[in-house]
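J.: This structure is in structure tokens; I'll ask about it shortly.
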Amino acid sequence: MFFYSTNNQSPKVNFKEATIKGQAPDKGLYFPEKIPVLPGKFLENLTAYSKEEIAFNVIHPYTAATIPEKELRDIIEETVAFEFPLVKLNVTIFSLELFHGPTLAFKDVGARFMSRCLGYFVKNQDKKITVLVATSGDTGGAVANGFYGVDGIEVVILYPSGQVSSIQELQLTSLGRNIKTLEINGSFDDCQEMVKQAFMDKDLNKQLFLTSANSINVARWLPQQFYYFYALQQWNNNERPPVISVPSGNFGNICAGLLAHRSGLPVRHFIAACNANDVVSSYLETGKYKTKKSVSTISNAMDVGSPSNFVRILELFHHQFGDLKNVLSSYSISDEETKTTIKEVFANYKYLADPHGAVGYLALKKYLETHPGDKGIFLETAHPVKFYDVVEPVIQQKIDLPDSIKSLLKSKKKATVMKSKYDDLKEFLLKK
């Protein structure tokens, strides 16, 4: 399997090269040369396979020839070493819980897979790799945890000051060792732009071996397909596939779901559940794609005004607007609607959603209201305790703290405050 750049101005590379480079030299994103179609027998009998076997069958076509089978199976075993339960709320709506990993967020899967792939690829190299990543919330914590203590790799995480939850911030800033954190006085888009500038800086790249751990990296993006196969493995209505609603910010997760669909996974329709950052919702309504300055919301991991991965979705549909609209819908959900949804879901079903899951739930509910007969799944992407400062005032009670969070709250923040200026980032990277 080879990967080409979405800008079509760079040489094709294999999975190893795409993982190490992160982004193509022409500023495009790497995209698979062909989409593997999985055997019908495999797709029809998902219940007969373990999580590990499903993940291996899904990812192997992309990694073949770069990671031996035994090593790939070992990587997968560590990547999916927790549960992904499908929970019924009512007769038409189910929640796929993706927060049972070490940092209580869906991004644990991609971060663990990528860290282990990169660790395998660089184990015999003399030069240390610097993983540079911007985060709007959960990515940073998952990346920090996934790469913590990995030999030969140093991680530098940029996050927007005051725009992540208190628990997310501790997950980003408390580890130390090979994890360095920069608190940027700006937005997530500013952080992401600084990271992009670093990758395009020829002088910097001559002195440092840089790669990315954002979902622009194929090793972060591709394993997110696993969620959708695990959802269908637990879906008990084979005659009518589910509608799947995905809380969407940088659009890597839903793009992985659409890729799984193209590989043969039966999904009736996808919904991009957005907050006030409605770039894609507006595009699907008007046919005109226009990025915007991001705005802060209580579902902060989705506060993205220029979603990097949307170009991959366009590539997947050969830039045909009509074909994309047949498969994908989108809703923009306000903060007030999000709070009301958290309160109502908790009161009606004794189910506590985090703000992102609440956005996914309400978008799905709105879609089902106009599509009677359909049933659906929303992705619950983070444990609500990560947003206790938002959730607790809404439900007017305390959330029980998992043991991992109790110990985290005793940790101290270690971060370097920085202006949203690329020159300051470059100076930091060259001095560290």
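The values are calculated or read from the model by the stated rules, or taken from the named source; none is laboratory data. Just so it is clear, the model here is predicted, and its values are computed rather than measured. Here the Cβ positions follow ideal geometry from the backbone for every residue, glycine too, while neighbour counts run over all protein chains shown. Calculation scope for accessible area: heavy atoms of the full protein, side chains included, ligands and nucleic acids excluded. Shrake-Rupley method; radii C 1.70, N 1.55, O 1.52, S 1.80 Å.
J.: Kindly list, by first and then second residue, each pair from a residue in the range 52-66 that is more than 20 Å from residue 17 (Cα to Cα) to a residue that is in a loop (DSSP other than H, G, I, E, B), limited to pairs with Cβ atoms under 7 Å and residues at least 6 apart or on different chains.
T.: Cβ pairs passing all conditions: 52/80; 55/80; 57/38.
J.: Here is a check on your reading of the model: is residue 267 buried (at least 24 other Cβ atoms within 10 Å of the Cβ) and within 20 Å of the chain's Cα centre (by Cα)?
T.: no
J.: I've got another one for you. I'd like to verify a number: residues in the range 68-84 that are under 30 Å from residue 354 (Cβ atoms) and not in a loop (DSSP other than H, G, I, E, B), how many?
T.: 5
J.: Within the range 85-101, track down each residue that is closer than 16 Å to residue 236 by Cβ and in a loop (DSSP other than H, G, I, E, B).
T.: 85, 89, 90, 91, 92, listed by residue number.
J.: Right, here's the next one. Quick one: residue 303 ticks every box in (1) in contact (Cβ under 8 Å) with a residue 24 or more places away in the chain; (2) open to solvent by 20 Å² or more (accessible area, probe 1.4 Å); (3) within 26 Å of residue 189 (Cβ to Cβ); (4) charged (D, E, K, R) except a single one, so which number is it?
T.: Checking residue 303 against (1) in contact (Cβ under 8 Å) with a residue 24 or more places away in the chain; (2) open to solvent by 20 Å² or more (accessible area, probe 1.4 Å); (3) within 26 Å of residue 189 (Cβ to Cβ); (4) charged (D, E, K, R), the one that fails is (2).
J.: Any chance the range 355-375 includes a residue that's of a type in the set (Gly, Ala, Ser) and more than 19 Å from residue 390 (Cβ to Cβ)?
T.: Yes, some residue in the range 355-375 is of a type in the set (Gly, Ala, Ser) and more than 19 Å from residue 390 (Cβ to Cβ).
J.: Additional query: Can you tell me which of 323, 423, 400 is over 20 Å from the mean Cα position of the chain (by Cα), exposed (fewer than 13 other Cβ atoms within 10 Å of the Cβ), more than 27 Å from residue 231 (Cβ to Cβ) and without any contact (Cβ under 8 Å) to a residue 24 or more places away in the chain?
T.: 423
J.: A further question on this structure: Could you say which residue among 197, 192 is of a type outside the set (Val, Ile, Thr), modelled with pLDDT under 90 and under 23 Å from residue 295 (Cα atoms)?
T.: 192
J.: Considering only the range 282-320, how many residues are under 21 Å from the mean Cα position of the chain (by Cα), of a type outside the set (Val, Ile, Thr), assigned to a loop (DSSP other than H, G, I, E, B) and within 25 Å of residue 27 (Cβ to Cβ)?
T.: Of the residues in the range 282-320, 10 are under 21 Å from the mean Cα position of the chain (by Cα), of a type outside the set (Val, Ile, Thr), assigned to a loop (DSSP other than H, G, I, E, B) and within 25 Å of residue 27 (Cβ to Cβ).
J.: As an exercise: evaluate residue 65 against (1) assigned to a loop (DSSP other than H, G, I, E, B); (2) hydrophobic (A, V, I, L, M, F, W, C); (3) open to solvent by less than 40 Å² (accessible area, probe 1.4 Å) and give the number of the one condition it does not meet.
T.: All conditions pass for residue 65, except number (3).
Here's the yes/no breakdown for (1) open to solvent by less than 10 Å² (accessible area, probe 1.4 Å); (2) within 19 Å of residue 226 (Cβ to Cβ); (3) assigned to a strand (DSSP E or B):
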{"position": "103", "(1), (2), (3)": "yes, yes, no"}
{"position": "109", "(1), (2), (3)": "yes, yes, no"}
{"position": "117", "(1), (2), (3)": "yes, yes, no"}
{"position": "145", "(1), (2), (3)": "no, yes, no"}
{"position": "150", "(1), (2), (3)": "no, no, no"}
{"position": "157", "(1), (2), (3)": "yes, no, yes"}
{"position": "167", "(1), (2), (3)": "yes, no, no"}
{"position": "196", "(1), (2), (3)": "no, no, no"}
{"position": "205", "(1), (2), (3)": "no, no, no"}
